[in-house]
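I have placed the structure first, in the form of structure tokens, so that the comments after it can refer back to it.
Readers should treat all values here as calculations from the given coordinates under stated rules, not as data from a laboratory. Computed from a predicted model, the values in this text were never measured in an experiment. Cβ sites come from the backbone with ideal geometry, for glycine too, and all protein chains shown count toward neighbours.
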């Protein structure tokens, strides 16, 4: 049974999406990137996650090209720089993203990380963008538990539709407080770098004996096992980069992998869950 969840007013969204970090940086790869995103949509994935930061907006241009003629098949997520999150700057930044994305609306617009603009001002900017029809919902990224408490305490802060944070098997800190906190308020958590950037952030991850053995038993790749692990928890979705046709199809197939209690026990032994508060991992 494929893992699904409700996100930003959309019900039954597949818990694995399509990431675009590092897309748009090499024009020679552009068609491959467009094709990979379209293949993800063809495989039933819905969420495409991008940002004005990625390749200085060129990742948004790749997404816009991929969505030509099929905009409604995606739940489109983009992000605003913290220094563009003021009441007027956010309007200009969002309009620039809309031009690059070749669309009239962003389904979910996130504050990329917390900066010096007061949260109350960013919330007002998001509300204004909603009133103008330029965004449908808004959320945040790289917010720790205390940041979320501050956000929820602000007027309108309870409308936050997601918190996108780094989360993978070798970085489990959010399980201690942030993840339960978001689950309690039914705020979905989007996990970026769910494969630790194909293992680059944690070099031992893809060769760890427990994971290799479990993947072989299931007839899946270690990457698929890692994705299935990330989305095992309620209210968590994974946003791996949609780098190639093969990876996208493998990622989509990971939706149907279920992990037994025994498998989760073995994984916990190899990668223990946090026993105390840890600083939010950010890259």
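Compute the semi-axes of the equivalent ellipsoid of region 195-283, taking the square root of 5 times each eigenvalue of the Cα gyration tensor, and list them largest first in whole Å.
On the way: eigenvalues 77, 59, 38 Å².
Each semi-axis is √(5λ); the values are 20, 17, 14 Å.
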Restricted to region 97-246, the DSSP antiparallel beta bridge percent, nearest 5, is 5
Zone residues, region 111-135, relative to residue 91, backbone N less than 17 Å from point 7 Å out along Cα-to-Cβ:
121-135
By how many nm would the segment from residue 258 to residue 22 grow when fully extended, if each residue of separation counts as 0.36 nm and the alpha-carbon distance is taken off?
82.0 nm
DSSP bridge pairs, region 4-270: antiparallel proportion in percent, nearest 5:
15
Sort the following peptides by mean Cβ neighbour count (other Cβ atoms within 10 Å, averaged over residues), highest first: 228-237, 115-124.
228-237, 115-124
For the chain, the longest principal axis of the Cα atoms and the Cα long axis of helix 261-270 enclose an angle in degrees, to the nearest 10, of 80
For region 1-99, just run the numbers: alpha carbon Rg, then divide by 2.2 N^0.38 Å, N being how many residues it has.
1.11
FRET efficiency for residue 10 and residue 116, using Cβ-Cβ distance with R0 set to 35 Å, rounded to 0.05
0.60
Helix-only mean residue ellipticity at 222 nm, the chain, DSSP H runs n ≥ 4 weighted -39,500 (n - 2.57), per residue, nearest 500. What is it?
-10500 deg cm²/dmol
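Which of the peptides 10-16, 45-51, 267-273 is most tightly packed, and how do the rest follow, judged by the mean count of other Cβ atoms within 10 Å per residue? Mind showing how you got there, number by number?
Details: 10-16: 19.0, 45-51: 25.0, 267-273: 13.3.
Peptide ranking by packing, descending: 45-51, 10-16, 267-273.
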With a 10 Å Cβ neighbour count serving as the proxy for reagent exposure, in which order, fewest first, do 175, 61, 262 appear?
262, 175, 61
Find how much the distance from residue 184 to residue 35 grows on full extension, using 0.36 nm per residue of separation minus their present alpha carbon separation; answer in nm with one decimal.
49.9 nm
Return a whole-number percent for the relative contact order of region 4-270, with Cα pairs under 8 Å and 6 or more residues apart as the contact set.
20
Using Cα atoms only, what is the angle between the long axis of helix 119-131 and the major principal axis of the chain, expressed in degrees (0 to 90) to the nearest 10?
80
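P(r) tail for region 140-189, what percent of Cα pairs lie past 13 Å?
Tail of P(r) above 13 Å: 54 percent of Cα pairs.
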Against the longest alpha carbon principal axis of the chain, how many degrees, from 0 to 90 and to the nearest 10, is the axis of helix 89-101 turned?
60
Pop the C-beta distance of residue 130 and residue 2 into the FRET formula with R0 = 35 Å and round what comes out to the nearest 0.05.
0.70
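Find how much the distance from residue 277 to residue 150 grows on full extension, using 0.36 nm per residue of separation minus their present alpha carbon separation; answer in nm with one decimal.
On the way: separation 127, 0.36 × 127 = 45.72 nm, distance 1.77 nm.
Using 0.36 nm per residue and subtracting the Cα-Cα distance, I get 43.9 nm.
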